[in-house]
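The values are calculated or read from the model by the stated rules, or taken from the named source; none is laboratory data. This one's a predicted model, so the numbers in the text were calculated from it and none came from an experiment. Positions of Cβ are generated from backbone atoms using ideal geometry, with glycine treated the same way; all protein chains shown enter the neighbour counts. Just the protein is used for accessible areas: all its heavy atoms, side chains included, with ligands, DNA and RNA removed. Shrake-Rupley method; radii C 1.70, N 1.55, O 1.52, S 1.80 Å.
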Amino acid sequence: MQILSRIDNPAMLKKMSVPQLDKLAGEIRQLMINVTAANGGHLASSLGAVELTLALFSVFDIPKDKIIWDVGHQAYAHKILTGRRDNFATLRKKDGVAPFPRREESTADAFGTGHASTSVSAAVGFAVARDLAQEKHHVIAVIGDGALTGGEAFEALNHAGGLKKRLIVVLNDNEMSIAKNVGALSGYLNRLQLSLQYGRAKKDAVGLIKNLPYLGEKALKTAAEIKEGTKSLISLGGLFDEWGFKTIGPVDGHDIALLKEVFNDAKNMNCPVLIHVQTKKGKGYRPAQNSPELFHGIGKFDATTGLPAKKSGGKTYTDIFGATLVELAQTNKDIVAITAAMPGGTGLKKFAETFPKRFFDVGIAEEHAMTFAAALAAAGKRPVIALYSTFAQRAYDQILHDVCLQHLPVVLALDRAGLVGEDGATHHGVFDLSYLRHIPGITVMCPKDENELRNMLFTALNAAEPTAIRYPRGAGLGVPLDQDLQNLPRGKGEVLRDGTDAAFLAVGSMVAPALKAAEILQEDGISAAVVNMRFVKPLDTEMITHFATTAKLLVTVEENVLAGGFGSAVSEFLCDRRLFPVPVLRIGIPDKFIPHGSRDELLADCGLTAPQIAATVKEALDGKITS
């Protein structure tokens, strides 16, 4: 009989035997595989954390005790066991189970996550709040070794050790974040693999030594004296003991009995505790074990074979970016590429293979990546730093202070700009135009298609100032690609269609819908111009002035929040030049966080489909709404 169907709350796990928990682990894994095969999702990390989750829930009282999952890639078992089992099939679907822990979804989700390296900071906050309220519950942060490459994690560990609060940090070490981990800490953790065998044999060895005639007790005393001197060679103690942490491990993260013993011991320690747990990413599903990077965040796939579903459409913007950068680097030896733990996701794998000495993966450390790029540019190199738009937010100060203030020619390639779909609010790249365009000295470009992306990258690498290019997730429009790349005139758009009633000023991914909307309006006898503005900064002020004086309505269209975005820039220019009363209709992302769902569903929710845009413009021209 299935065990999972009978689990109504986490407390039921406390009464289960280890064999029952092992069986339950298999059932949870099968549910994860079936659902992610149908919906896509972050499978490999969650598969690796099943026994860890079961052990935590068997020892601690959820939700009274607080578990904070770093990023949330590991949290599917947590969701299944905390009231979302029956709805788990809706994972990542619109109005369904969220892709990451979310406070609004369950009281068991103590803290919302989605970006890396935040769990220890949050755990310290919960521990301080607990002590101020004179409460007694436990606080546990679960952080992966990949997230431990982020600077915020070390800031929080340093603070936690100084405060000496009762707190448990579980380091889930699976040797990977999204791609293979990099850096000195990763190498250190890898060297600890051998000490796992040491830990397993320790208890037996102590018993054997004690039974030696005459020498047993003396040998144990000698071992105790040298223990502290050798600890740094076989554990994390050498790294974290000085910060005030009691360190335990490495521990086999798939041995439920051992994990329960360790967690029960940690509960009784009145100090910060760090438990080093070693797990296997993709555990229990051979395709994910063999290809953990592919199954980190995967779309729909065949659960039996593990083969991804065939995707329709041509090459993605990411593919085009990566191939173009390799092409340009063949003739420009100063080009270097940088990413933050995302060589595959940002399209830089081919560059890394072709120019290994000119490629740098800095780990989950966007702030460092940006300042590193700034220094490379100051030294005469041409750095291109590729990040997802949502993660570039973490390096805002470095973009402003280290890159733009010094007017350094860093190229910032912002992938996944706009609505990204099923990963939800934490991953939508809808704020970049707003947080970039107000920084002095930066050029901001948005390609209407994949061919224009190629020319924008060429333009950026020939520019003398900081330049950002933001482009969407997914396949391009399938347009022909220029073999001879060209410099685009800075701050100049192009008229794609003329008209007199309305003028669409569109950027990036919204150019194609604006063209379709103009065609729909034409059927109703409305003449609409369409301009591919290309540049959010500097604006094509001549183009804006022309249509402000010839059209009845200016319509800005962007896949960015309306607050402070491209439409705001156009409105500010018109206001400053006193070109009103030409009405301006701004169409974009409303002032709210957009949840998860398919990209098409979310675009429709935001009124950004071509028919919706046409209807909004028609209503404005009919005088039913005011600008």
| request: Assess whether Gln74 counts as being surrounded by fewer than 23 Cβ atoms within 10 Å (Cβ to Cβ) and within 30 Å of the chain's Cα centre (by Cα). | output: no
| request: Take the stretch 308-329 and flag every residue that is within 13 Å of Val384 (Cα to Cα), more than 21 Å from the chain's Cα centre (by Cα) and either modelled with pLDDT under 95 or not hydrophobic (A, V, I, L, M, F, W, C) (or both). | output: Thr324
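Each row is one residue, and each column tells you yes or no for (1) aliphatic (A, V, I, L, M); (2) open to solvent by 50 Å² or more (accessible area, probe 1.4 Å).
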{"site": "Val336", "(1), (2)": "yes, no"}
{"site": "Lys357", "(1), (2)": "no, yes"}
{"site": "Val362", "(1), (2)": "yes, no"}
{"site": "Thr371", "(1), (2)": "no, yes"}
{"site": "Ala378", "(1), (2)": "yes, yes"}
{"site": "Lys381", "(1), (2)": "no, yes"}
{"site": "Val384", "(1), (2)": "yes, no"}
{"site": "Val403", "(1), (2)": "yes, no"}
| field | The listed residue being open to solvent by less than 10 Å² (accessible area, probe 1.4 Å), over 30 Å from Pro99 (Cβ atoms) and of a type outside the set (D, E, K, R), out of Asn451, Asn455, Asn462, Asn487 | value | Asn455
| Asn39 within 25 Å of the chain's Cα centre (by Cα), closer than 20 Å to Lys283 by Cβ and surrounded by fewer than 21 Cβ atoms within 10 Å (Cβ to Cβ) | no
| remark: Within the stretch 97-129, of all residues that are over 13 Å from Ala141 (Cα atoms) and free of Cβ contacts under 8 Å to residues at least 12 places away in the same chain, the one most open to solvent (accessible area, probe 1.4 Å) is Arg103
| message | For the stretch 552-595: of the residues being open to solvent by 10 Å² or more (accessible area, probe 1.4 Å) and polar (S, T, N, Q), which is farthest from Val536 (Cα to Cα)? | response | Ser571
| task | Go through the stretch 498-585 and tell me which helices (runs of 4 or more DSSP H), entirely inside it, have 2 or more residues that are touching a strand residue (DSSP E or B) at 6+ places or on another chain (Cβ under 6 Å) and under 28 Å from Asp605 (Cβ atoms). | result | 511-523, 566-576
| remark: Those residues of the stretch 128-177 which are touching a His at 6+ places or on another chain (Cβ under 9 Å) and under 18 Å from Cys271 (Cβ atoms) amount to Arg130, Arg166, Leu167, Ile168, Val170, Leu171
